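Beneath this line is the structure, given in structure tokens, with notes to follow.
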Amino acid sequence: MSDSASAASLVANFQKLKTALGRRIVGQEAVIEQLFIALAAGGHSLLEGVPGLAKTLLVKSLADAMHLSFRRIQFTPDLMPADITGTEIIQEDAETGRRKLTFQPGPIFSQIILADEINRTPPKTQAALLEAMQEKHVTVGQETFQLPKPFFVLATQNPIEQEGTYPLPEAQKDRFLFLIKVDYPTRADEREIVNRTTGSESQEIDAVLTAEDLQAAQQLARKVPVPDHVIDFVLDLVRSTRPNEPGASDYVKSMLSWGAGPRASQMLVLAGKVRALLQGRTHVTTDDIEALAAPALRHRLVPTFHAEAEGITVDQIIAEIIKTTKKSDARVL
């Protein structure tokens, strides 16, 4: 299949996925698009929103719409790392009568993992996902076990309830390509939700995508060219979030205590390539980067006490940095 045909197939697959998810999910078009971009770019996603906004249902529905293995892990304070990765158990050989250690795989050995309420488990257990998310394998004892391909962690968390929660460490948040904000539905969407969920209409979803479709999308995305001025825009944007960077603005120094690392630049470019394909283009533009900057950066920036005291959100800081970067680039041109 030619690259142009593959690009058309990618757009068609996205439309099929949206149609399938539409049987259960009302609205949330931006959330669904960002989730698909993350999957097609080969990255993990963190969904953040108050309870009752169908975050878990969305991930479960996404898994139902794909021919991929799926496991849900409910994160609780008493969850242990072995409950996720698996553990070695003693088994007796029926023929020889000898006992030996045998690895019993945990739920992490699936293609889509729903890490539900990931911030409700202690850091020791949260860290059990680090190796899996980055290296796509799990080490138990002296053995390393490969995870199935493709492999995605889609995690949810509640941003408003602090009691009994454990904020994700920065190193783990950096492994997520996107932090996707799930907002309240519009009045019309909420009316439709009520009508659907209180009636007898079936909400079954047929699988419309396969592992091969996603892997083909990942391979195609890496072929999309990125002009030099777009790379420069990404670098200027990401590097300007670092308060200790030479030439950092007074605004950034006062608002951010920690900026985004090189992984943010990599993820922005990869995600921008997928968005370009979905927009019917064969090259990335600064519009793609600007559209995805908030979900790609918001979990990688640490605001200062001053910013939090003033009630300034990370998204507002990102919007201001984008505006400043665009002005700077315009002056250079």
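Does region 272-279 contain any residue that is more than 16 Å from E33 (Cα to Cα), in contact (Cβ under 8 Å) with a residue 60 or more places away in the chain and either of a type in the set (A, V, I, L, M) or in the same structural domain as A8 (by TED's automatic domain parsing) (or both)? Scanning region 272-279 turns up no residue that is more than 16 Å from E33 (Cα to Cα), in contact (Cβ under 8 Å) with a residue 60 or more places away in the chain and either of a type in the set (A, V, I, L, M) or in the same structural domain as A8 (by TED's automatic domain parsing) (or both). Among the conditions (1) in contact with a Ser or Thr (Cβ under 8 Å, 6 or more places away or on another chain); (2) at pLDDT 90 or above; (3) not aliphatic (A, V, I, L, M), G259 misses just one, which is (2).
Take the conditions hydrophobic (A, V, I, L, M, F, W, C), within 23 Å of L62 (Cβ to Cβ), assigned by TED's automatic domain parsing to the domain that holds S45 and touching a strand residue (DSSP E or B) at 6+ places or on another chain (Cβ under 7 Å) and apply them to F151. Does it pass? No; evaluated as a whole, the condition is false for this residue.
Conditions (1) touching a residue at least 24 places away in the same chain (Cβ under 8 Å); (2) outside the structural domain of A155 (by TED's automatic domain parsing); (3) exposed (fewer than 15 other Cβ atoms within 10 Å of the Cβ), marked per residue:
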{"residue": "V31", "(1), (2), (3)": "yes, no, no"}
{"residue": "H44", "(1), (2), (3)": "yes, no, no"}
{"residue": "G49", "(1), (2), (3)": "yes, no, no"}
{"residue": "K55", "(1), (2), (3)": "yes, no, no"}
{"residue": "R71", "(1), (2), (3)": "yes, no, no"}
{"residue": "T87", "(1), (2), (3)": "yes, yes, no"}
{"residue": "T102", "(1), (2), (3)": "no, yes, yes"}
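What do you reckon, is E212 out of contact with any helix residue (DSSP H, G or I) (no Cβ under 8 Å at 6 or more places or on another chain) and either modelled with pLDDT of 90 or more or assigned to a loop (DSSP other than H, G, I, E, B) (or both)?
Against the criterion (out of contact with any helix residue (DSSP H, G or I) (no Cβ under 8 Å at 6 or more places or on another chain) and either modelled with pLDDT of 90 or more or assigned to a loop (DSSP other than H, G, I, E, B) (or both)), E212 does not qualify.
Of the listed requirements (1) at pLDDT below 85; (2) surrounded by 14 or more Cβ atoms within 10 Å (Cβ to Cβ); (3) at positive phi, L10 misses just one: (3).
The values are calculated or read from the model by the stated rules, or taken from the named source; none is laboratory data. Quick caveat: nothing in here was measured; it's all calculated off a predicted structure. Neighbour counts run over all protein chains shown; Cβ positions are idealised from the backbone, glycine included.
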